[in-house]
1. Residue by residue through region 26-41, note down the ones that are part of a loop (DSSP other than H, G, I, E, B) and closer than 13 Å to Trp65 by Cβ.
2. Pairs, please: C-beta under 6 Å, at least 6 apart or cross-chain, first residue in a loop (DSSP other than H, G, I, E, B) and in region 166-181, second surrounded by 19 or more Cβ atoms within 10 Å (Cβ to Cβ) and of a type in the set (Phe, Trp, Tyr)?
3. Are any residues in region 59-74 at pLDDT below 85 and aliphatic (A, V, I, L, M), and if so, which ones?
4. Being over 12 Å from the mean Cα position of the chain (by Cα) and either exposed (fewer than 14 other Cβ atoms within 10 Å of the Cβ) or closer than 21 Å to Phe170 by Cα (or both) is the filter here; which residues of region 29-47 pass it?
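The values are calculated or read from the model by the stated rules, or taken from the named source; none is laboratory data. Predicted model, so just to flag it, every value in this text is computed and none were measured. All Cβ positions, glycine included, derive from the backbone under ideal geometry; neighbour counts span all protein chains shown.
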Amino acid sequence: MNPDDELILDPDAENDEPSEHPTKTLVFVSTFDPSARVEVIPTSDQTVRDAAQVSGLTARDGSAWTVYDDLGVEVAHLPSFDMIGDVLYVGPAAISAGSSAEADSTAELTKEEHNQSLSFDDGNGTLFTGTASQIVEAMRHIEEGDTPSVLEWMERVKMRASAFDIDLEFGDPLSFLNALEHNGLGRFMTGCRGA
């Protein structure tokens, strides 16, 4: 508190709570334009997806979109109050391929493998080990210059790959590594393989 600030005491107040609580927000960032940032004050009954719709950063053309945290994990289904104070990223939803039976079995396998220890060679002679999230976190730190969030970094890699007509589709760090391997941009080592 600054000595010049005026402190007002109300002896007639019934409790010690301030009349207005400080607002807490979610910060949404567009994966297409990281300079597009919008703060949203969530309501108690909103999911993160509902709050993101208020931000105006969602797809307006009817294409699929979702919300990710800074590790690239989809958080759209979580209660917005659980994410207050976080920076979240609004971007395209991953497109799953195959039949619904394959998608269901892959989703179950992915849940089990998210915490599996993996080894991934990035194709440049660097071997990364750990969970998929730890590997992608380590990979983004080798980038020159600024260190973007994990999701921003994965989107940058996707954009760079598209310059070579390589289409990377992913929804989380494990599917990102799978997309890299599928397109010959790295490979899982020692028999450890993602979903």
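1. Listed by number, the residues that qualify are Thr31, Phe32.
2. Partner pairs satisfying both residue conditions: Phe170/Phe176.
3. Scanning region 59-74 gives Ala59, Ala64, Leu71, Val73.
4. Passing the criteria: Phe32, Asp33, Pro34, Ser35, Arg37, Glu39, Ile41, Thr43, Ser44, Asp45.
Table: residues versus (1) at pLDDT 70 or above; (2) of a type outside the set (D, E, K, R); (3) more than 16 Å from Ala179 (Cα to Cα).
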residue: Ala76; (1), (2), (3): yes, yes, yes
residue: Asp86; (1), (2), (3): yes, no, yes
residue: Ile95; (1), (2), (3): no, yes, no
residue: Ser105; (1), (2), (3): no, yes, yes
residue: Met139; (1), (2), (3): yes, yes, no
residue: Ala161; (1), (2), (3): yes, yes, no
